1. Choose one of 242, 208, 362: the residue whose Cα lies farthest towards the positive end of the charge dipole of the chain (beta-carbon charges +1 Lys, Arg; -1 Asp, Glu; about the Cα centre).
2. Provide the per-residue ³J(HN,Hα) series for the range 8-25, in order, calculated from phi with Karplus coefficients 6.51, -1.76, 1.60 and θ = phi - 60°, each as a whole number of Hz, with x at glycine and proline positions.
3. What's the Cα-based Rg to Rh of the range 211-266, Rh via Kirkwood?
4. What whole-number value in Å² describes the accessible area per residue of the range 1-101 for a 1.4 Å probe?
5. Students often get this wrong, so check it: of 52/363; 62/363; 79/130, which have C-alpha atoms separated by over 32 Å?
6. Which percent, nearest 5, of DSSP beta bridges in the range 92-238 are antiparallel?
7. Just to check, using Stokes-Einstein with a Kirkwood Rh over alpha carbon pairs, what's the diffusion coefficient of the range 69-217 at 4 °C and 1.567 mPa s in µm²/s?
8. To the nearest 20 debye, what is the magnitude of the charge dipole of the range 140-244 about its Cα centre, counting +1 on the Cβ of each Lys and Arg and -1 on the Cβ of each Asp and Glu?
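The values are calculated or read from the model by the stated rules, or taken from the named source; none is laboratory data. Because the structure is a prediction, the values reported are computed rather than measured. For neighbour counting, all protein chains shown are included, and Cβ atoms are generated from backbone atoms with ideal geometry for every residue, glycine included. To get the accessible areas, we keep the full protein, side chains included, count just its heavy atoms, and leave off ligands, DNA and RNA. Shrake-Rupley method; radii C 1.70, N 1.55, O 1.52, S 1.80 Å.
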Amino acid sequence: MSANPLHLSQEEAYARIRLLRSPNIGPVTYAQLISRFGTAAAALEALPELGKRGGRTYTLAKTDRIDREVAATRQAGAKYVFHDSADYPPLLKQMVGAPPIMTWRGDLALAAKPCVAIVGARNASAAAVKLSREFAAGLADAGFTVVSGLARGIDGAAHQGSLPSTIGVIASGIEIAYPPQHAELQEQIAQEGLLLAEQPPGTEPRGSHFPSRNRIIAGIAAGTLVVEAAPKSGSLITARLAGEAGREVMAIPGSPLDARSQGCNTLIREGGVLVQSVDDIVELLSGFDGVPLSSFKEQAAPDYCADEELADAEPADIASLLTTAPVAVDELIRQSQSSAAAVQLALLEMEIAGQITRHAAGKVSLV
(Lines give C-alpha, C1' and ligand atoms only; values in the text may rest on other atoms or scores of the structure.)
Protein backbone atom coordinates (compact mmCIF):
# COMPACT_ATOMS: atom_id res chain seq x y z
CA MET A 1 0.00 0.00 0.00
CA SER A 2 2.87 2.41 0.69
CA ALA A 3 5.97 3.32 -1.30
CA ASN A 4 8.07 1.67 1.39
CA PRO A 5 5.99 -1.29 2.63
CA LEU A 6 8.76 -2.65 4.87
CA HIS A 7 8.56 0.52 6.96
CA LEU A 8 4.86 0.29 7.83
CA SER A 9 2.42 -2.54 8.49
CA GLN A 10 -0.64 -2.77 6.26
CA GLU A 11 -2.83 -2.29 9.34
CA GLU A 12 -1.11 0.92 10.39
CA ALA A 13 -1.09 2.23 6.81
CA TYR A 14 -4.84 1.65 6.62
CA ALA A 15 -5.33 3.33 10.01
CA ARG A 16 -3.35 6.36 8.83
CA ILE A 17 -5.52 6.78 5.76
CA ARG A 18 -8.66 6.46 7.89
CA LEU A 19 -7.30 8.96 10.42
CA LEU A 20 -6.56 11.58 7.77
CA ARG A 21 -9.97 11.10 6.11
CA SER A 22 -11.86 11.50 9.40
CA PRO A 23 -13.67 14.81 10.04
CA ASN A 24 -11.64 17.88 11.07
CA ILE A 25 -8.29 16.13 10.72
CA GLY A 26 -5.85 18.27 8.76
CA PRO A 27 -2.09 17.81 8.38
CA VAL A 28 -1.17 19.65 11.61
CA THR A 29 -3.82 17.84 13.66
CA TYR A 30 -2.79 14.51 12.13
CA ALA A 31 0.85 15.11 13.09
CA GLN A 32 -0.11 16.07 16.63
CA LEU A 33 -2.30 12.99 17.06
CA ILE A 34 0.51 10.72 15.87
CA SER A 35 2.88 12.55 18.25
CA ARG A 36 0.55 12.15 21.22
CA PHE A 37 -0.63 8.57 20.68
CA GLY A 38 2.28 7.01 18.79
CA THR A 39 0.26 5.25 16.09
CA ALA A 40 -2.73 6.06 13.92
CA ALA A 41 -4.54 3.03 15.32
CA ALA A 42 -4.22 4.42 18.86
CA ALA A 43 -5.26 7.88 17.68
CA LEU A 44 -8.41 6.46 16.08
CA GLU A 45 -9.36 4.84 19.38
CA ALA A 46 -8.86 8.14 21.20
CA LEU A 47 -10.71 10.43 18.77
CA PRO A 48 -14.28 9.89 20.06
CA GLU A 49 -13.19 10.79 23.60
CA LEU A 50 -11.26 13.83 22.37
CA GLY A 51 -14.33 14.97 20.48
CA LYS A 52 -16.43 14.53 23.59
CA ARG A 53 -13.99 16.64 25.59
CA GLY A 54 -14.37 19.31 22.91
CA GLY A 55 -18.14 19.19 23.35
CA ARG A 56 -19.12 17.20 20.24
CA THR A 57 -20.02 13.64 19.29
CA TYR A 58 -17.28 12.49 16.95
CA THR A 59 -17.71 9.92 14.16
CA LEU A 60 -14.68 8.38 12.42
CA ALA A 61 -14.43 7.92 8.67
CA LYS A 62 -16.29 4.75 7.67
CA THR A 63 -14.15 1.74 6.79
CA ASP A 64 -16.09 1.07 3.57
CA ARG A 65 -15.09 4.54 2.35
CA ILE A 66 -11.43 3.74 3.01
CA ASP A 67 -11.81 0.37 1.29
CA ARG A 68 -13.16 2.11 -1.83
CA GLU A 69 -10.33 4.63 -1.77
CA VAL A 70 -7.61 1.99 -1.51
CA ALA A 71 -9.21 -0.01 -4.34
CA ALA A 72 -9.47 3.12 -6.52
CA THR A 73 -5.83 3.98 -5.86
CA ARG A 74 -4.74 0.54 -6.98
CA GLN A 75 -7.03 0.64 -10.02
CA ALA A 76 -5.44 3.94 -11.06
CA GLY A 77 -1.99 2.33 -10.93
CA ALA A 78 -0.99 4.60 -8.04
CA LYS A 79 0.60 4.03 -4.65
CA TYR A 80 0.64 5.79 -1.29
CA VAL A 81 3.63 7.54 0.22
CA PHE A 82 3.53 8.44 3.92
CA HIS A 83 5.20 11.37 5.70
CA ASP A 84 7.83 9.21 7.39
CA SER A 85 8.62 6.97 4.41
CA ALA A 86 12.25 7.02 3.31
CA ASP A 87 11.19 8.11 -0.18
CA TYR A 88 8.85 10.93 0.88
CA PRO A 89 10.10 14.13 -0.83
CA PRO A 90 12.88 15.27 1.54
CA LEU A 91 12.40 19.05 1.38
CA LEU A 92 8.61 18.75 1.59
CA LYS A 93 9.04 16.70 4.76
CA GLN A 94 10.62 19.75 6.42
CA MET A 95 7.60 21.96 5.73
CA VAL A 96 5.10 22.63 8.51
CA GLY A 97 1.72 21.23 7.44
CA ALA A 98 3.14 19.00 4.70
CA PRO A 99 0.69 16.35 3.45
CA PRO A 100 0.90 13.30 5.73
CA ILE A 101 -0.15 11.05 2.85
CA MET A 102 0.02 11.46 -0.92
CA THR A 103 -0.69 9.20 -3.87
CA TRP A 104 1.75 8.99 -6.75
CA ARG A 105 2.44 7.52 -10.15
CA GLY A 106 5.77 7.41 -11.95
CA ASP A 107 9.30 7.78 -10.58
CA LEU A 108 9.25 8.93 -6.93
CA ALA A 109 13.06 9.23 -6.98
CA LEU A 110 12.66 12.44 -9.01
CA ALA A 111 11.54 14.20 -5.82
CA ALA A 112 14.82 13.32 -4.11
CA LYS A 113 16.86 15.17 -6.75
CA PRO A 114 17.48 18.94 -6.56
CA CYS A 115 14.12 20.45 -7.47
CA VAL A 116 13.05 23.86 -8.73
CA ALA A 117 9.44 24.97 -9.15
CA ILE A 118 8.36 26.99 -12.17
CA VAL A 119 4.98 28.73 -11.97
CA GLY A 120 3.19 31.59 -13.67
CA ALA A 121 0.17 32.91 -15.48
CA ARG A 122 -2.40 30.69 -17.18
CA ASN A 123 -3.03 33.35 -19.82
CA ALA A 124 0.69 33.88 -20.33
CA SER A 125 2.21 35.73 -23.25
CA ALA A 126 3.80 33.75 -26.06
CA ALA A 127 7.22 35.06 -25.05
CA ALA A 128 6.74 33.93 -21.42
CA VAL A 129 5.58 30.46 -22.48
CA LYS A 130 8.69 30.13 -24.63
CA LEU A 131 10.87 31.30 -21.72
CA SER A 132 9.24 28.80 -19.37
CA ARG A 133 9.86 25.93 -21.77
CA GLU A 134 13.48 26.96 -22.39
CA PHE A 135 14.30 27.55 -18.71
CA ALA A 136 12.75 24.19 -17.79
CA ALA A 137 14.75 22.38 -20.46
CA GLY A 138 17.96 24.06 -19.32
CA LEU A 139 17.32 23.21 -15.68
CA ALA A 140 16.59 19.58 -16.55
CA ASP A 141 19.84 19.43 -18.53
CA ALA A 142 21.62 20.83 -15.46
CA GLY A 143 20.34 17.95 -13.31
CA PHE A 144 17.29 19.56 -11.70
CA THR A 145 13.77 18.19 -11.46
CA VAL A 146 11.20 20.82 -12.50
CA VAL A 147 8.02 20.98 -10.41
CA SER A 148 4.77 22.65 -11.47
CA GLY A 149 1.00 22.37 -11.24
CA LEU A 150 -0.11 21.27 -14.73
CA ALA A 151 -2.11 24.45 -15.30
CA ARG A 152 -2.36 26.08 -18.71
CA GLY A 153 0.29 28.55 -19.79
CA ILE A 154 3.54 28.65 -17.83
CA ASP A 155 2.99 25.37 -15.92
CA GLY A 156 2.30 23.29 -19.01
CA ALA A 157 5.30 24.74 -20.84
CA ALA A 158 7.56 24.01 -17.86
CA HIS A 159 6.48 20.36 -17.83
CA GLN A 160 6.88 20.01 -21.60
CA GLY A 161 10.35 21.53 -21.54
CA SER A 162 11.65 19.36 -18.70
CA LEU A 163 10.15 15.93 -19.47
CA PRO A 164 10.97 13.38 -18.20
CA SER A 165 12.63 15.29 -15.30
CA THR A 166 9.39 16.82 -14.08
CA ILE A 167 6.87 16.52 -11.26
CA GLY A 168 3.23 17.43 -11.78
CA VAL A 169 1.27 18.22 -8.61
CA ILE A 170 -2.49 18.18 -9.12
CA ALA A 171 -5.42 19.50 -7.09
CA SER A 172 -7.66 16.51 -7.80
CA GLY A 173 -7.57 12.78 -7.28
CA ILE A 174 -4.66 10.99 -8.95
CA GLU A 175 -6.85 9.64 -11.79
CA ILE A 176 -8.65 12.88 -12.69
CA ALA A 177 -7.11 15.07 -15.40
CA TYR A 178 -7.34 18.81 -14.89
CA PRO A 179 -7.48 20.92 -16.90
CA PRO A 180 -9.00 18.48 -19.43
CA GLN A 181 -6.84 19.79 -22.27
CA HIS A 182 -3.79 18.60 -20.33
CA ALA A 183 -5.05 15.03 -19.96
CA GLU A 184 -2.46 13.70 -22.39
CA LEU A 185 0.34 15.70 -20.76
CA GLN A 186 -0.73 14.51 -17.30
CA GLU A 187 -0.63 10.89 -18.41
CA GLN A 188 2.76 11.42 -20.03
CA ILE A 189 4.10 12.84 -16.75
CA ALA A 190 2.68 9.85 -14.86
CA GLN A 191 4.40 7.50 -17.31
CA GLU A 192 7.76 9.27 -17.70
CA GLY A 193 8.05 11.69 -14.76
CA LEU A 194 6.18 11.85 -11.44
CA LEU A 195 2.54 12.72 -10.73
CA LEU A 196 1.53 13.60 -7.15
CA ALA A 197 -1.89 14.15 -5.56
CA GLU A 198 -2.87 14.97 -1.99
CA GLN A 199 -6.61 14.52 -2.55
CA PRO A 200 -8.05 10.99 -2.50
CA PRO A 201 -9.06 9.30 -5.78
CA GLY A 202 -12.36 10.49 -7.18
CA THR A 203 -11.92 14.05 -5.86
CA GLU A 204 -12.75 16.73 -8.40
CA PRO A 205 -10.60 19.90 -8.18
CA ARG A 206 -12.14 22.72 -6.13
CA GLY A 207 -10.94 26.23 -5.43
CA SER A 208 -9.79 25.34 -1.91
CA HIS A 209 -7.57 22.54 -3.26
CA PHE A 210 -5.31 24.82 -5.30
CA PRO A 211 -3.61 26.66 -2.39
CA SER A 212 -2.98 23.22 -0.86
CA ARG A 213 -1.47 22.05 -4.14
CA ASN A 214 0.65 25.20 -4.27
CA ARG A 215 2.21 24.51 -0.86
CA ILE A 216 3.33 21.08 -2.13
CA ILE A 217 4.91 22.66 -5.21
CA ALA A 218 6.73 25.21 -3.03
CA GLY A 219 7.68 22.61 -0.43
CA ILE A 220 9.25 20.07 -2.76
CA ALA A 221 11.58 22.61 -4.37
CA ALA A 222 14.64 24.45 -3.09
CA GLY A 223 13.42 27.48 -5.00
CA THR A 224 10.41 28.77 -6.89
CA LEU A 225 10.71 30.73 -10.15
CA VAL A 226 7.81 32.92 -11.23
CA VAL A 227 8.00 33.54 -14.99
CA GLU A 228 5.00 35.82 -15.47
CA ALA A 229 2.17 36.61 -13.07
CA ALA A 230 -0.52 39.19 -12.34
CA PRO A 231 -0.40 41.02 -8.98
CA LYS A 232 -3.04 38.73 -7.43
CA SER A 233 -2.53 35.17 -8.61
CA GLY A 234 -1.97 31.63 -7.43
CA SER A 235 1.63 31.90 -8.61
CA LEU A 236 2.32 34.59 -6.02
CA ILE A 237 0.70 32.41 -3.36
CA THR A 238 3.19 29.68 -4.30
CA ALA A 239 6.05 32.20 -4.10
CA ARG A 240 4.94 33.39 -0.65
CA LEU A 241 4.66 29.81 0.58
CA ALA A 242 8.18 29.16 -0.72
CA GLY A 243 9.44 32.23 1.12
CA GLU A 244 7.71 31.21 4.35
CA ALA A 245 9.32 27.79 4.06
CA GLY A 246 12.78 29.35 3.82
CA ARG A 247 13.26 28.61 0.12
CA GLU A 248 14.54 30.82 -2.67
CA VAL A 249 12.01 33.03 -4.43
CA MET A 250 13.02 34.04 -7.96
CA ALA A 251 11.36 36.03 -10.71
CA ILE A 252 12.00 37.02 -14.31
CA PRO A 253 11.43 40.77 -14.69
CA GLY A 254 9.06 42.13 -17.30
CA SER A 255 7.76 45.33 -18.78
CA PRO A 256 5.96 47.61 -16.30
CA LEU A 257 3.44 48.25 -19.07
CA ASP A 258 2.29 44.61 -19.09
CA ALA A 259 -0.08 43.65 -16.24
CA ARG A 260 1.13 40.07 -16.51
CA SER A 261 4.61 41.20 -15.42
CA GLN A 262 3.50 43.20 -12.39
CA GLY A 263 3.53 40.19 -10.08
CA CYS A 264 7.13 39.32 -10.96
CA ASN A 265 8.28 42.92 -10.66
CA THR A 266 6.59 43.16 -7.25
CA LEU A 267 8.32 39.98 -6.08
CA ILE A 268 11.69 41.45 -7.03
CA ARG A 269 10.91 44.76 -5.33
CA GLU A 270 9.90 42.91 -2.14
CA GLY A 271 13.04 40.77 -1.93
CA GLY A 272 12.78 38.06 -4.57
CA VAL A 273 15.89 37.37 -6.62
CA LEU A 274 15.97 38.71 -10.18
CA VAL A 275 17.07 36.00 -12.62
CA GLN A 276 17.68 36.31 -16.34
CA SER A 277 19.19 32.95 -17.26
CA VAL A 278 19.27 29.29 -16.33
CA ASP A 279 22.82 29.81 -15.09
CA ASP A 280 21.53 32.35 -12.54
CA ILE A 281 19.22 29.70 -11.08
CA VAL A 282 21.81 26.92 -11.13
CA GLU A 283 24.28 29.16 -9.32
CA LEU A 284 21.65 30.16 -6.75
CA LEU A 285 20.35 26.66 -6.00
CA SER A 286 23.46 24.49 -6.37
CA GLY A 287 24.34 23.37 -2.87
CA PHE A 288 21.30 25.10 -1.36
CA ASP A 289 21.88 24.97 2.41
CA GLY A 290 18.50 26.16 3.67
CA VAL A 291 19.50 29.83 3.91
CA PRO A 292 17.95 31.66 0.94
CA LEU A 293 19.49 34.71 -0.66
CA SER A 294 16.01 36.10 -1.27
CA SER A 295 14.30 38.01 1.53
CA PHE A 296 10.81 37.98 0.06
CA LYS A 297 9.24 36.53 3.20
CA GLU A 298 10.57 35.59 6.60
CA GLN A 299 10.20 31.96 7.56
CA ALA A 300 6.98 31.29 9.43
CA ALA A 301 7.18 30.04 13.00
CA PRO A 302 6.16 26.39 13.34
CA ASP A 303 2.75 25.80 14.91
CA TYR A 304 3.61 22.57 16.66
CA CYS A 305 5.75 21.41 19.57
CA ALA A 306 8.02 18.48 20.32
CA ASP A 307 6.51 15.00 20.40
CA GLU A 308 7.42 14.25 23.98
CA GLU A 309 5.98 17.58 25.21
CA LEU A 310 2.62 16.97 23.54
CA ALA A 311 2.46 13.41 24.79
CA ASP A 312 2.71 14.50 28.44
CA ALA A 313 0.60 17.67 28.32
CA GLU A 314 -2.77 18.61 29.79
CA PRO A 315 -4.88 21.03 27.73
CA ALA A 316 -4.82 24.74 28.57
CA ASP A 317 -7.96 26.85 29.03
CA ILE A 318 -7.78 29.14 25.98
CA ALA A 319 -11.36 29.23 24.68
CA SER A 320 -11.97 32.75 26.04
CA LEU A 321 -8.96 34.07 24.13
CA LEU A 322 -10.27 33.00 20.72
CA THR A 323 -12.55 34.88 18.32
CA THR A 324 -13.34 34.57 14.62
CA ALA A 325 -10.29 36.77 13.92
CA PRO A 326 -7.13 34.69 13.29
CA VAL A 327 -4.54 34.91 16.05
CA ALA A 328 -1.03 33.44 16.21
CA VAL A 329 -0.57 30.36 18.38
CA ASP A 330 2.47 32.08 19.92
CA GLU A 331 0.16 34.88 21.10
CA LEU A 332 -2.19 32.36 22.72
CA ILE A 333 0.74 30.82 24.55
CA ARG A 334 1.86 34.26 25.72
CA GLN A 335 -1.56 35.44 26.90
CA SER A 336 -2.62 32.18 28.53
CA GLN A 337 0.73 31.85 30.33
CA SER A 338 0.55 28.14 29.53
CA SER A 339 3.11 25.84 27.93
CA ALA A 340 3.20 25.44 24.16
CA ALA A 341 2.19 21.79 24.53
CA ALA A 342 -0.82 22.65 26.72
CA VAL A 343 -2.07 25.22 24.21
CA GLN A 344 -1.51 22.85 21.31
CA LEU A 345 -3.45 20.10 23.03
CA ALA A 346 -6.36 22.46 23.71
CA LEU A 347 -6.36 23.51 20.06
CA LEU A 348 -6.21 19.86 19.01
CA GLU A 349 -9.34 19.02 21.00
CA MET A 350 -11.17 22.10 19.69
CA GLU A 351 -10.25 21.34 16.09
CA ILE A 352 -11.43 17.75 16.34
CA ALA A 353 -14.72 19.09 17.72
CA GLY A 354 -15.00 21.41 14.73
CA GLN A 355 -14.70 24.59 16.80
CA ILE A 356 -11.58 26.18 15.27
CA THR A 357 -9.99 26.70 11.88
CA ARG A 358 -6.25 26.79 11.18
CA HIS A 359 -4.82 29.50 8.94
CA ALA A 360 -1.47 30.16 7.30
CA ALA A 361 1.55 31.30 9.36
CA GLY A 362 0.49 29.35 12.46
CA LYS A 363 -2.75 31.24 13.16
CA VAL A 364 -6.10 29.89 14.39
CA SER A 365 -9.63 31.25 14.83
CA LEU A 366 -13.05 30.13 15.95
CA VAL A 367 -15.17 28.72 13.15
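1. Positive-end residue among those listed: 208.
2. 9, 5, 4, 5, 6, 4, 4, 4, 5, 4, 5, 4, 5, 8, 6, x, 6, 9
3. Computed over Cα atoms, the ratio is 0.98.
4. Working: 4660 Å² over 101 residues.
That works out to 46 Å² for each residue.
5. Values: 52/363 24 Å; 62/363 30 Å; 79/130 34 Å.
Listed pairs above 32 Å: 79/130.
6. Counting only bridges with both partners in the range 92-238, antiparallel ones make up about 20 percent.
7. Reported coefficient: 86 µm²/s.
8. 420
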